[in-house]
1. At most 13 other C-beta atoms within 10 Å and a DSSP loop state: those are the exposed trypsin sites (Lys or Arg not before Pro) I care about. Give me the longest piece of the chain that has none.
2. Rounded if a/c is under 1.5, else prolate if a/b beats b/c, else oblate: with a ≥ b ≥ c from the C-alpha gyration tensor eigenvalues square-rooted, which is region 204-256?
3. Using the Kirkwood radius over C-alpha pairs as Rh, can you work out the diffusion coefficient of the chain via Stokes-Einstein at 4 °C, viscosity 1.567 mPa s, in µm² per second?
4. How many Lys pairs in region 1-158 lie less than 28 angstrom apart by Cα atoms, where the lysines are 8 or more positions apart or on different chains?
5. Which whole-angstrom value gives the distance between the alpha carbon centres of region 123-148 and region 1-80?
6. Would you be so kind as to identify which of MET162, GLY265, GLY197 lies farthest towards the positive end of the dipole of the chain, taking Lys and Arg as +1 and Asp and Glu as -1 on Cβ and the Cα centre as origin?
7. Grab the eigenvalues of the alpha-carbon gyration tensor for region 258-311, scale each by 5, take roots, and send me the semi-axes largest first in whole angstrom.
8. Just the projected area, averaged over all directions, of the convex hull on the alpha carbon atoms of region 131-267: how many nm²?
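Where a number appears in this text, it was derived from the coordinates with a stated rule and is not lab data. Values in this document were obtained by computation on a predicted structure and should not be read as measured data. Neighbour counts run over all protein chains shown; Cβ positions are idealised from the backbone, glycine included.
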Amino acid sequence: MSKIDFTEAPLGVHSIDHFTLVVPDLAEEVKFLTAFGLGVETRADRLLLRTVGSNHVWGQILPGEKKKLAYVSMACYEGELEGIREQVAAAGGAFEAHHPAGSGDGFWFRDPDGILFQVKVGAKTQPDQKTAMPDLSIPSNVRGAPARSKAPLARPTRMSHMALFTSNVTRSLDFHIRALGVRLADRSGEIIAFTYGRHGSDHHLLAFLSGGGPGLHHSSWDVPSVEDCGRANTQLRAAGYDRHWGPGRHVLGSNYFNYVKDKFGQWWEASAHIDYIEKDADWTIANFADEDSLYLWGPDMPEEFPVNVEL
Ligand SMILES: [Fe+2]
């Protein structure tokens, strides 16, 4: 890796508010996302995605010709909106006036790969501290596992992060550090880089992955434990979705994972117990070789996993 001094921005977003994705068949996506454990509301022209116990809309799915990321909406504190707008301008972001969500909030721009972003004032959806993993140990004289037919569905409680394809990891990283004020957590050379939110966030909020151009690699949804990652795999296979990577455990971020691909080539991750970086924490950035950073344990990564199907 070439040594690059990234310029630290004075302000920064705290969360992803939501994203919008286009797919060819909304009815099919309702079936998939319900099996994935999300709450899906069908509107006349779109789907709204929620998680159990929350009214926040994390995602919108619109109908279109092929699977494609429409935009990512980032949230910031009210006192930082104008300053972040100035950071985006100084970093060379291409501002746009149109509002695909029908929302005039905040401002819109494209990053160097042409990915459309919104920045607006919004609630912090990232946690303020690391969530403990439930204790999975079972005492003596107690039956630990339920019958398979009685097992509860794995259901995400919130969105954790998004991984975006880019034609140039270092360029995307440099831009978003200066524009959105995210910070580098860890990277694996020019393959992938993970950024976090300075106000306290998961180890990754936005990840940038080499993919020859723009696109959405995956959105990641937090589940309580490694047990839920396992059950997510089983419940999705039972629903007819058999293209997975996982269950496994990552090195960078340390999270337990199960990725599943929908019928349109989009990966969705169930993630548990990801590393958390507190506000103002002294985090040491690592740069791992890719063979040493991808996963600690789990099945081999499928060949189709890193392919950008949006190109
Ligand atoms: Fe992920």
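1. By the stated rule (loop sites, at most 13 other Cβ atoms within 10 Å), 144-278.
2. oblate
3. 66
4. The number of close lysine pairs in region 1-158 is 9.
5. Region 123-148 and region 1-80 have Cα centres spaced 26 Å from each other.
6. GLY265
7. Sorted largest first and rounded, they come to 26, 15, 13 Å.
8. 9.8
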